[in-house]
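Scroll down for the structure; my scribbles are underneath it.
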Amino acid sequence: MEKTKRICLWSGPRNISTTLMYSFAQRQDTKVVDEPLYAHYLSNTNAKEYHPGTQDILDTLDQDGKKVIAEMMTNTSSPVFFFKNMTHHLLNLDRGFMKEVYNVILTRDPVEMLPSFDKVIHNPTIEDVGYAKHTELLDYMETNNIKPIVLDSKRVLLNPKKVLTQLCDFIGIPFDENMLHWQAGSRPEDGVWAKYWYANIHKSTGYLAYKPKTETFPEHLKPLLNQCKPHYNKLLKYAIG
């Protein structure tokens, strides 16, 4: 029997990570899992004080990150698993399992991402948005001879078929045209936090055309933008598409 393939998406928030999850959910051979480490992250940080829906998340998901990863790595109920993760949810966990999975790092230009995140969690910090954690993860993978694939949200939206085909080649699965379209509305796999974050994806029926931001960048986010830019620029050098 062919070995179960496990894809771990490591994303920052507001980075089309849910779009990618919906895309992979259209495949007959794939089960998707929405942010399994979210409760582990909240229970170990002060983010529980300002993330919307914290109590529901803590009540719904296992807060023991080690147990969550063990479950991720032993579940064989599907030929392919797609785990949508936020990179900063990896808090203080052993990363040895990354050698056994296909690691996908997803980023987005902070000029576009930060204002979007700020609408839900006002005045975020570098810890909230994941950019520094992404480059730290990239360094870890290079040191440990783990080859990730890096996606940039804009490049995905500009040519979803091209980038998804490259991504599927990396994983060793055939590209499926069904990945480009889905029915509007929620999915059973959505986390309990969907009502705070997923309004746009629930209106969509496929990859939305890329549209550059037109509104002025908020003044109060400029110091954070300057912190995030070097990390984003480093990741962009590796991005496919």
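Express in nm, to one decimal, how much length is gained between Arg95 and Lys147 on full extension, taking 0.36 nm for each residue of separation and deducting their alpha carbon distance.
Details: separation 52, 0.36 × 52 = 18.72 nm, distance 1.38 nm.
Length gained between Arg95 and Lys147: 17.3 nm.
With Cα extents along the principal axes in Å in mind, check (1) 46, 41, 33; (2) 55, 40, 32; (3) 56, 40, 38 and report the label derived from this structure.
Computed from the coordinates, Cα extents along the principal axes in Å corresponds to (3).
Which distance in Å, rounded to a whole number, links the C-alpha centroids of segment 122-193 and segment 1-58?
Rounded to whole Å, the Cα centres lie 11 Å apart.
Keeping every protein chain in place, order Thr214, Thr60, Thr87 by accessible area at 1.4 Å, biggest value first, i.e. largest first.
Details: Thr214 130, Thr60 80, Thr87 5 Å².
Order by accessible area, largest first: Thr214, Thr60, Thr87.
With a Förster radius of 30 Å, plug the Cβ-Cβ distance of Thr74 and His220 into 1/(1 + (r/R0)^6) and report the FRET value to the nearest 0.05.
Working from the Cβ atoms, E equals 0.10.
On full extension of the chain, what length is gained from Thr165 through Lys66, given 0.36 nm per residue of separation minus the C-alpha to C-alpha distance?
Values: separation 99, 0.36 × 99 = 35.64 nm, distance 3.24 nm.
Between Thr165 and Lys66, full extension yields 32.4 nm more.
What order do Glu127, Glu136, Glu49 take when sorted by accessible area (1.4 Å probe), most exposed first? Don't skip to the answer; put the middle values down first.
Details: Glu127 115, Glu136 80, Glu49 145 Å².
Order by accessible area, largest first: Glu49, Glu127, Glu136.
Quote to one decimal, in nm, the extra length available between Lys3 and Ala199 on full extension: 0.36 nm per residue of separation minus the C-alpha distance between them. Write out the running numbers ahead of the final one.
On the way: separation 196, 0.36 × 196 = 70.56 nm, distance 3.57 nm.
Length difference between fully extended and current span is 67.0 nm.
I want to verify a result. In a Gaussian network model of the chain, Cα cutoff 10 Å, which of these has the top mean-square fluctuation: Arg187, Arg108, Arg155?
Arg187
Would you mind getting me the FRET efficiency between Asp29 and His181? Use the beta-carbon distance for r and R0 = 22 Å, nearest 0.05.
On the way: r = 17 Å, r/R0 = 0.78.
Between Asp29 and His181 the formula returns 0.80.
Run the count for segment 150-223, please: Lys pairs, Cα-Cα under 18 angstrom, 8 or more apart or on different chains.
Lysine pairs satisfying the spacing and distance rule in segment 150-223 number 7.
Largest first, what is the accessible-area ranking of Tyr41, Tyr102 with a 1.4 Å probe?
Values: Tyr41 10, Tyr102 65 Å².
Most to least solvent-accessible, the answer reads Tyr102, Tyr41.
The values are calculated or read from the model by the stated rules, or taken from the named source; none is laboratory data. Fair warning: this is a prediction, and the values are worked out from it, not measured in the lab. Glycine also receives a Cβ, built like all others from the backbone with ideal geometry; neighbour counts cover every protein chain displayed. Ligands, DNA and RNA are excluded from the accessible area calculation, which covers all protein heavy atoms including side chains. Shrake-Rupley method; radii C 1.70, N 1.55, O 1.52, S 1.80 Å.
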